[in-house]
Ligand SMILES: CC(C)(COP(=O)(O)OP(=O)(O)OC[C@H]1O[C@@H](n2cnc3c(N)ncnc32)[C@H](O)[C@@H]1OP(=O)(O)O)[C@@H](O)C(=O)NCCC(=O)NCCS
């Protein structure tokens, strides 16, 4: 990868902390089945943390909403097992710009349980952060359940500011050039 890391890149491959290679690319319209299969690889707790409800399957409407996107105001990237004949989703991250506050976007990220705590979420969030910067978004806003301490602590360590209401933290992460500079620019520049 060169200078403006992955700003114009359509897909790339990076190792996790343990060296396993993972492919990354923007979500496409025909990823519906991959997303649905990915749901089965998420524990009920992870589904609950991501969707605030332990839903087992995505509805047809959700599948359309999550895959038929403009990659401008709704940006999503998927992590796939490296070089497998059929796509196998390992993680996904997206943000959606708030209509009447276009400098803010709500984001969500999920990594299948067998790949958690291996650095995949960090790469996905770094991708989102970079894409947000490219799209002129100033704040990435995450809604995090109070018992999701992995996510709230992680965002806290990244400098996100949280407001607590009714069991949920609204956490605002400022999009700044140096947020991921020490940690992820190196990863993302390869
Ligand atoms: C939150 C989530 C996306 C993190 O993905 P991940 O691949 O495990 O992330 P990483 O391995 O890159 O770790 C990210 C940070 O969380 C920490 N972390 C991850 N798993 C952890 C665990 N089980 N215990 C403690 N810390 C943990 C890491 O140490 C790291 O922090 P650091 O960079 O300050 O050291 C993943 O746990 C997940 O999908 N959870 C369910 C869905 C969810 O909660 N989504 C967020 C709501 S939108």
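Can you tell me which residues in region 109-158 are more than 9 Å from the ligand (Cβ to nearest atom), part of a loop (DSSP other than H, G, I, E, B), surrounded by fewer than 20 Cβ atoms within 10 Å (Cβ to Cβ) and on the phi < 0 side of the Ramachandran plot?
135, 138, 146, 147
Which one is surrounded by the most Cβ atoms within 10 Å (Cβ to Cβ), of the residues in region 48-73 that are within 16 Å of the ligand (Cβ to nearest atom) and assigned to a loop (DSSP other than H, G, I, E, B)?
Among those that are within 16 Å of the ligand (Cβ to nearest atom) and assigned to a loop (DSSP other than H, G, I, E, B), it is 58.
Taking the residues in region 85-108 that are out of contact with any strand residue (DSSP E or B) (no Cβ under 7 Å at 6 or more places or on another chain) and part of a strand (DSSP E or B) as candidates, determine which candidate is surrounded by the fewest Cβ atoms within 10 Å (Cβ to Cβ).
Residues of region 85-108 out of contact with any strand residue (DSSP E or B) (no Cβ under 7 Å at 6 or more places or on another chain): 85-86, 99-102.
Then keep just the ones that are part of a strand (DSSP E or B); that gives 101-102.
Values: 101: 11, 102: 13.
Per the criteria, the residue is 101.
Does residue 178 satisfy the condition of being assigned to a loop (DSSP other than H, G, I, E, B) and at pLDDT below 95? Even if it seems obvious, please write down each step before you answer.
On the way: assigned to a loop (DSSP other than H, G, I, E, B): yes; at pLDDT below 95: yes.
Yes, satisfied.
Do you know which residues across region 135-162 are under 16 Å from the mean Cα position of the chain (by Cα) and under 13 Å from residue 103 (Cα atoms)?
Answer for region 135-162, where residues must be under 16 Å from the mean Cα position of the chain (by Cα) and under 13 Å from residue 103 (Cα atoms): 135, 137, 139, 140, 141.
Would you say residue 71 is touching a helix residue (DSSP H, G or I) at 6+ places or on another chain (Cβ under 9 Å) and on the phi > 0 side of the Ramachandran plot?
On the way: touching a helix residue (DSSP H, G or I) at 6+ places or on another chain (Cβ under 9 Å): yes; on the phi > 0 side of the Ramachandran plot: yes.
It is true that residue 71 is touching a helix residue (DSSP H, G or I) at 6+ places or on another chain (Cβ under 9 Å) and on the phi > 0 side of the Ramachandran plot.
From the list 188, 173, which residue is surrounded by 12 or more Cβ atoms within 10 Å (Cβ to Cβ) and either outside any helix (DSSP H, G or I) or modelled with pLDDT of 95 or more (or both)?
Working: 188 fails: either outside any helix (DSSP H, G or I) or modelled with pLDDT of 95 or more (or both).
Result of the check over 188, 173: 173.
The values are calculated or read from the model by the stated rules, or taken from the named source; none is laboratory data. On a predicted model such as this, the values are computed, not experimentally measured, just so you know. When we count neighbours, we look across all protein chains shown, and the Cβ atoms used for this are built from the backbone with ideal geometry, even at glycine.
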